[in-house]
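The values are calculated or read from the model by the stated rules, or taken from the named source; none is laboratory data. The structure presented is a predicted model; accordingly, all values stated were derived computationally and were not measured. Every residue, glycine as well, gets a Cβ built from its backbone with ideal geometry; the counts of neighbours run over all protein chains shown. Side chains are part of the model used for accessible areas, which takes the heavy atoms of the whole protein and leaves out ligands, DNA and RNA. Shrake-Rupley method; radii C 1.70, N 1.55, O 1.52, S 1.80 Å.
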Amino acid sequence: MTLAQTDRLAPTHFRHSAFWQNAHLYFDRVFQTMSLDQTWRSVLTTPKRVLSVSCPIRRDDGTIQVFTGYRAQHNGARGPFKGGIRYDVSVTQDECMALAMLQTWKNALVDLPFGGAKGGIVCDPKKLSMTEKERLTRRYTSEIMPIIGPNMDIPAPDLGTDSQIMAWVLDTYSMMVGHQELGVVTGKPVACGGSVGREDATGRGVMNILRKFLATQNKQLSDVRVAVQGFGNVGYHSARLLDDRGATVVAISERASAIYDESGIDVEAAGAFYKENGTLKGFAGADEIANDELLACDCDVLIPAAMENTIDESIAPHIKAHTVVEGANGPTTPKADEILRDNGVTVLPDILANAGGVTVSYFEWVQGLDNYFWNAKRVQDELQRVMESAFDQVNAKADESDCDYRTAAYTIAISRVAEACRLKGLFP
Ligand code: GLU
């Protein structure tokens with residue numbers, strides 16, 4: 001199906017961004033090859049609910065500013081909705097809808113009992129003080145209150161949000177229902193009922209998946225040179241855990257700068273520098289390169305861990321890595337995906353590679369509902385088990401169908417969601 005055809009099938013008010021269309025193209029590419037009843041197509045691609053809210057808050061200077069927030073819930077056939085909340089100037093309603101759809105496939109692929117959701121507030125968190133961020137988070141939480149809850153929709157961190165913000169979500173919701181409700185949000189600080197191991201879970205999952213993939217090629221992490229785009233939660237922990245296990249991290253970038261050292265960057269030192277200065281510019285342990293050089297730099301493994309659509313058709317032909325591990329959600333456009341495939345580059349897709357975060361969120365949700373908390377070893381062992389089992393299933397499907405990993409992953413995920421929809425039937 002072409003892009004134009006996909007757009008015609010989409011309800012008019014959803015005809016917005018290329019990212020939304022890309023998410024549908026990936027879906028359609030796979031859905032067409034599956035022997036599923038075509039009538040389910042619109043059920044599987046249409047979000048169940050999208051809430052848009054306005055959040056007026058008082059700034060520290062006494063003025064009032066209105067921020068816009070969203071929460072999109074895509075498909076809940078397999079369980080309560082689950083997915084992150086992002087704070088970024090680029091947040092839009094259909095970005096949330098597209099990310100919610102990706103989250104549905106991701107949750108199904110790692111076999112969590114959740115549907116997919118995503119939310120966000122259009123803001124620049126770096127320009128808000130802590131008290132402004134707290135007021136904004138509390139107001140947003142109260143606005144989306146009617147559709148979240150431990151059995152309805154469970155938010156978590158995403159781009160621009162962290163455990164402190166999740167603590168305010170927990171507290172606001174708990175104050176409004178009159179009791180502490182640990183299951184309403186994940187990614188909380190451990191001191192407020194969070195799970196150990198949630199902070200680095202996405203990066204750890206990236207490492208688990210890359211290690212497992214390399215083993216199919218009779219290689220180890222110590223055999224590869226890695227470039228990481230993005231130095232937030234996912235990029236930093238992926239780089240750190242890979243470095244710890246012997247991989248050579250040759251390049252790292254963040255929004256404003258990038259560094260390269262063919263003999264390997266000391267990731268801990270770069271992380272400490274970034275934490276202190278908010279940039280990698282001026283980091284003495286590596287050479288500065290232009291930001292857009294990172295994606296095409298000389299390396300074996302490229303980890304896009306920043307925003308969506310960063311690997312497009314203009315950069316894809318220049319990528320030298322033999323493996324791309326998608327730490328971010330939707331970093332590769334469908335056209336770039338085809339170019340990479342034609343060039344023999346293996347792509348370990350987002351819904352597999354970055355599923356570690358939501359997997360440990362699931363563990364956190366279970367621990368909160370049980371009021372029984374696990375130790376770090378249990379969290380890490382169970383995460384590894386889930387990630388490796390998902391990789392084995394995707395690998396087997398790719399072999400059986402002679403297809404790429406993204407197609408295999410989507411086929412498994414869509415089949416699971418479609419089966420749940422079919423068995424439940426339509427109400428009324
Ligand atoms: N925002 C993360 C993701 O994109 C985590 C979602 C969650 O933990 O619910 O997968």
Legend entry - Mean Cβ neighbour count within 10 Å, used as a protection proxy, ranking 203-210, 24-31, 111-118 highest first: 203-210, 111-118, 24-31
Inset, instruction - Quote the FRET efficiency, to the nearest 0.05, computed for Ala191 versus Lys377 with a Förster distance R0 of 25 Å and r equal to the Cβ-Cβ distance. - result: 0.80
Legend entry - Cα pair distances in the chain, grouped into 20 Å bins until the bin that holds the longest one, percent each: 27, 60, 12, 0
Legend entry - Accessible surface of Trp20 - all protein chains present, 1.4 Å probe, nearest 10 Å²: 10
Legend entry - Spatial separation of Cα centroids for the stretch 265-301 and the stretch 159-216, in angstrom: 26
Inset, instruction - Can you tell me what the convex hull of the Cα atoms of the stretch 335-405 projects to on average, as an area in nm²? - result: 6.0
Inset, instruction - Mind jotting down the three principal axis lengths of the stretch 66-118 based on Cα atoms? Whole angstrom, largest first. - result: 37, 15, 14
Legend entry - Chain lengthening between Val177 and Ile289 when straightened (0.36 nm per residue, less Cα-Cα): 35.2 nm
Inset, instruction - Taking all protein chains together and a probe of 1.4 Å, list Thr186, Thr407, Thr33 from the most accessible to the least accessible. - result: Thr33, Thr407, Thr186
Legend entry - Computed [θ] at 222 nm, deg cm²/dmol, the chain (DSSP H ≥ 4; -39,500 (n - 2.57); rounded to nearest 500): -14000 deg cm²/dmol
Legend entry - For Thr68, distant residues with modelled amide H under 5 Å away: Cys55, Val122
Inset, instruction - Could you check how much of the accessible area of the chain is carbon and sulfur, as a whole percent, using a 1.4 Å probe? - result: 50
Inset, instruction - Using a 1.4 angstrom probe, figure out how much accessible area the stretch 290-428 has per residue, in square angstrom, rounded to the nearest whole. - result: 42
Inset, instruction - Compare Leu170, Leu423 by solvent-accessible area with a 1.4 Å probe and give them largest first, with all protein chains kept in place. - result: Leu423, Leu170
Legend entry - Kyte-Doolittle at least -1.0, axis length at least 18 Å by Cα - qualifying DSSP helices, the chain: 18-31, 93-109, 163-177, 201-216, 356-370, 376-401, 405-424
Legend entry - Ranked packing of 216-223, 233-240, 294-301, 313-320, most packed first, by mean Cβ within 10 Å: 233-240, 294-301, 313-320, 216-223
Inset, instruction - Can you tell me the order of 135-146, 271-282 when each peptide is scored by its average per-residue count of other Cβ atoms within 10 angstrom, highest first? - result: 135-146, 271-282
